[in-house]
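One structure is given here, and the rest of the page talks about it.
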Amino acid sequence: DELTSPFGSNPPAKTSHTSQKSKKAKELCKHSGDQMIIDAGQKHFGAVVCNSCGMIYTAASPEDEAQHIQHHERFLEGLRYVGWKKERVVAEFWDGKIVLILPNDPKYAVKKAEDVREIVDNELGFKQVSLRCPAKTKIYLFVSNEKMIVGCLVAESIKQAFRVLSEPGAVPSPGRDALQHHRAWCCSTEPQPAVCGVSRIWVFGPRRGKGIARRMVDAVRSTFMYGCYLSTDEIAFSDPMPDGKLFATKYCQTPNFLVYNFLYNN
Ligand code: COA
Ligand code: ZN
């Protein structure tokens, strides 16, 4: 059990607690008759993941720790929001505001939005994925009262999208990478018209679960197309990852929300 601890030097009390817990888990497993995989983190022995900057490092290694601190500070620096005079505030809240940046905005605004998008791409595991059409891209930033960018949503114009299917007989759609088997959804092959695609959506780890993503999508729906409030049938999510899928299901109040940007309509 000691091996499951993320830090090598845990007091024995904690160790026995862990073993009690796993005993309980095994019992639970027997009772329900279900199979249960207990992921005790064996693959990343001694590794911890930083909830803020996302870096995985070995807490016991001074070099790793130093590298983490460096990365951590650079990451937070990139999310610092200085602001500018003519910022386009599309929503204001008790805990922050949403700023919209358009492609023809002043260079410094566009540069900031691009920098944040790069940080987000890095977090989402996108490797140098360029935007499909930067001239039609709208970037929404959620800025906290402490002047930190804690949310980012990249929206783009789309013409069609596909409904996620929940039926058991649905055909899985081929992924960006054939080796990636964890795509957790299947979708219809029938396109349907849609207006706005959520190309990326991200919220800073420590600020998740506070409705920031929800408020950003609300802002997109009311500002993406001048003069109309888009329904959840007019917005689609780009190739959602597990968190994004759970969020979209909750937000759209259906597991059959719209997706795009994964197959032929790339
Ligand atoms: N699991 C289950 N439910 C979730 C969820 C999750 N991971 N994320 C959001 N929800 C639900 C919330 O419970 C909430 O429901 P409620 O309104 O009934 O309380 C609703 O969705 C809105 O959540 P919200 O607080 O606005 O979401 P968030 O600010 O925590 O941001 C993500 C959600 C997905 C943007 C955030 O988790 C994230 O950045 N994840 C990593 C990046 C990522 O995977 N992005 C998606 C790429 S496709
Ligand atoms: Zn960190």
Requested in this report: Beyond 28 Å between alpha-carbons counts as too far, so tell me which of Lys85/Lys127; Lys107/Lys127; Lys86/Lys159 fall in that bin.
Outcome: Lys85/Lys127; Lys86/Lys159
Query raised in the report: Points 7 angstrom from Cα along the Cβ direction at Glu63 and Asp115: gap in nanometres?
Result: 3.0 nm
**Report entry** Cβ-based net charge around Val217, under 13 Å, with every Lys or Arg adding one and every Asp or Glu removing one
**Finding:** +4
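Each value in this text was obtained by applying a stated rule to the coordinates, not by laboratory testing. The structure displayed is predicted, hence computed values, not measured ones. Note that we place each Cβ from the backbone using ideal geometry, even for glycine, and neighbour counts take in every protein chain shown.
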